[in-house]
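A short worksheet on the structure shown next.
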Amino acid sequence: MMAYACLSPKHASMFLAFTKQVQNGNLLEDIMAGKSRWPSRPEERDVLYFISQSFRARLLEELPKNKQNMSGDRLSDIYRYKAIIKELASVNLELAQMVVARDESGRELPAWFMTEVIRDLPRLIGGDAK
């Protein structure tokens, strides 16, 4: 209530979403470790958005530019990333599409990874929710 009294409605909503993100600081780690699932309740949509953005940032940082010379451990990480995207798509297709799409600044996931994702999840590129 204080945030809405002191800030514009948009900024108050963003602040409340930020505080939820802080409270759920380890949720992405837990999702990646298979200990938690993506938030799916309507009131958790803001947290889902922030975690999806964090997951995308991690993929951009961790995925190698090419697939050659990857170790077995690294390949298992890649399969886990694809499974996480698939889980996210089952909760919110739009946010899963955001994770794999090119962003406003032109950053995109490596082409080899996109080929892997699209092979398993073709609906991510078409916007078809079936």
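So here's what we get for this one:
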| item | result |
| --- | --- |
| Linear extension gain, Leu60 paired with Lys20, 0.36 nm per residue minus alpha-carbon span | 12.0 nm |
| Accessible area of the chain divided out per residue, in Å², using a probe of 1.4 angstrom | 64 |
| Using alpha-carbon coordinates, inclination of helix 72-91 to the longest axis of the chain, degrees | 50 |
| Gain upon complete extension [Ala5, Asp46; 0.36 nm per residue less C-alpha separation] | 12.7 nm |
| Percent carbon-and-sulfur accessible area, the chain, ignoring ligands, DNA and RNA, probe 1.4 Å | 54 |
| Under 21 Å from Lys20, Cα to Cα: lysines that are on another chain or at least 8 residues apart | Lys10, Lys35 |
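The values are calculated or read from the model by the stated rules, or taken from the named source; none is laboratory data. Please read all numbers here as calculations on a predicted model, not as lab measurements. Ligands, DNA and RNA are stripped out before the accessible areas are found, and what is left, the full protein with its side chains, is counted by its heavy atoms. Shrake-Rupley method; radii C 1.70, N 1.55, O 1.52, S 1.80 Å.
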